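> Sending over a structure as structure tokens; questions will come in a sec.
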Amino acid sequence: MKSAEIREKFLKFFESKGHQIVASSSLVPHDDPTLLFTNAGMNQFKDVFLGFDKRPYSRATTSQKCVRAGGKHNDLENVGYTARHHTFFEMLGNFSFGDYFKRDAITYAWELLTDEFRLPKDKLWVTVYAEDDEAYDIWTKEVGVPAERVIRIGDNKGARYASDNFWMMGDTGPCGPCTEIFYDHGPEIRGGPPGSPDEDGDRYIEIWNNVFMQFNRDEAGVMHPLPKPSVDTGMGLERVSAVLQHVHSNYEIDLFQNLIRAAARETACADLDSPSLRVIADHIRACSFLIADGVIPGNEGRGYVLRRIIRRAIRHGYKLGARAAFFHRLVPDLVAEMGAAYPELKAGQARVADVLKQEEERFFATIENGMAILETELAAMTAAGNQTFNGETAFKLHDTYGFPLDLTADVCREREVTVDAAAFGAAMARQKEQARAAGKFRMAANLEYEGPETVFHGYERLEERGKVLALYKDG
Ligand code: ATP
Ligand code: MG
Ligand code: MG
Ligand code: MG
């Protein structure tokens, strides 16, 4: 089954259970300052859960564009390293706004997975929130999942592993205990069952989270009960596609294979297993969808996250041998894969490619010199047996060559080297302090670059503008 069919089947299944099919919302959250990018299907329904907004339906289903590259849920550093993480992905969800609760949510999920999708029951594992006896009993007594595959997990504060069965959208907002469904990809793959010390491996992959929305967490961390208990679920389309297409990694599914081939074509890379191709295929989705939704590469906030993702993709292309803009050429391939499901991508195609091309040309102007400095430093370090990359050099790379800190760190990580982030921060603070002492930056009291309009305002002499530009590039 192709991922496009899986998406369709999911929505139709929940439509047949009385859910309204609702379109994905934008990646740029509407009127929610607590959120960098849309990171879950429930975001567009936040106010419905909180009781501030009413809809003509009490059940909904969506396929939601999500980006997790900053904020509370950030998977940027996982991309290229795990089989299951993307920066951009599609979250399939069903929602109950004060309508059904635990029993129906669980039985719908089980019916879809085992009847409709025909997944083998003995490969499915379940986790429930430690104290949630009700969910535990539904799974073990009503659905009939053997107790050895139903695992109770707490909020794990301070535990070394990541499993967490209390879902929160961010530091504040709707939240509640959850139950999650995992698929066992088999003993050839490293990793232990959920809740075990080795769960970070990719053998047991979490495919579906069912959240029982019950609280609104405020800034002080106090939980206020929601007006009505509700349900919010999220299943990664790419993860369930991998299961249904009998492959292990998300990057092996139909949709990604085409993008990976396109990335190989544009970088003239012969090794289709190269992690760099996976990163490029991942990043073209995030960058194109973000631009289609109105984000522009820049030096602050959302625009800076976008710029960092674009530059990481370019750096991977550079590693494969690309020496000129290539990334924007993947846009038509992406539109061919996803334009039908997301018309805004097709409509924005020309502009997306244009924005990417400009940003690429800009970075290709400095990447070669920057990489040379980076490589020289790494070689000197290796010779000296040093594992920590100099923070001053990282700052120079950032300041003069447009290398975001995370890009330098990404290169270093491939050599098992870490960047001295504290020294980087100190170098940046020092430079900003100097600029301020020189009276050049009165308006930027918070030491953040505030965008060209603000920064250049009031400067008469060109050379001074030039200096400020050089100082605050990417800051
Ligand atoms: P993981 O533990 O694997 O990082 P998560 O617990 O952070 O996943 P949730 O916040 O519960 O994920 O999101 C609901 C579902 O969305 C997950 O069960 C998974 O199928 C999917 N998902 C989450 N993050 C990603 C990602 N970065 N890329 C692809 N799919 C994802
Ligand atoms: Mg996660
Ligand atoms: Mg998880
Ligand atoms: Mg989860």
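> Counting DSSP beta bridges with both partners in the range 86-242, what percentage is antiparallel, nearest 5?
Percentage antiparallel, nearest 5: 90.
> To the nearest µm²/s, what D does Stokes-Einstein give for the range 255-307 at 4 °C and 1.567 mPa s, using the Kirkwood radius over alpha carbon pairs as Rh?
Value of D from the Cα-based Kirkwood radius: 109 µm²/s.
> While we're looking at this one, here's another question. Kindly flag which residue pairs out of 121/228; 46/141; 17/54; 102/346; 65/396 have an alpha-carbon separation exceeding 30 Å in this structure.
Table pairs above 30 Å Cα-Cα are 121/228; 46/141; 102/346; 65/396.
> With a 10 Å radius around each residue's Cβ, average the other Cβ atoms per peptide and rank 70-82, 114-126, highest first.
70-82, 114-126
> Only loop residues by DSSP count here, and only those with at most 11 other Cβ atoms within 10 Å; note down the chymotrypsin sites (Phe, Trp or Tyr not before Pro) in the range 221-313 that meet that.
Answer in residue order: no site qualifies.
> Place the peptides 369-376, 129-136 in order of packing, highest mean first, counting for every residue the other Cβ atoms within 10 Å and averaging per peptide.
Answer by packing, highest mean first, reads 129-136, 369-376.
> Let me ask you something else. Leaving out ligands and nucleic acids, note down the accessible area per residue over the chain with a 1.4 angstrom probe, in whole Å².
About 42 Å² of surface per residue is accessible.
> What FRET efficiency, computed as 1/(1 + (r/R0)^6) with R0 = 45 Å and r the Cβ-Cβ distance, is obtained for residue 257 and residue 437, rounded to the nearest 0.05?
0.25
> So if the hydrodynamic radius of the chain is defined as the Kirkwood radius over C-alpha pairs, what does Stokes-Einstein give as its diffusion coefficient at 20 °C and 1.002 mPa s, in µm² per second?
In µm²/s, the coefficient rounds to 89.
> Can I ask one more? For the range 356-430, which whole percent of the accessible surface, found with a 1.4 angstrom probe, sits on carbon and sulfur atoms?
Summing carbon and sulfur atoms, their accessible area is 52 percent of the total for the range 356-430.
> In the chain, what % of DSSP beta bridges are antiparallel (nearest 5)?
Given both bridge residues lie in the chain, the antiparallel proportion sits at roughly 85 percent.
The values are calculated or read from the model by the stated rules, or taken from the named source; none is laboratory data. In this text the structure is predicted, and so the values were computed from the model without any measurement. With ideal geometry, Cβ positions are generated from the backbone for all residues, glycine too; neighbour counts draw on all protein chains shown. These area figures cover heavy atoms from the full protein model, side chains too; ligands, DNA and RNA do not enter into them. Shrake-Rupley method; radii C 1.70, N 1.55, O 1.52, S 1.80 Å.
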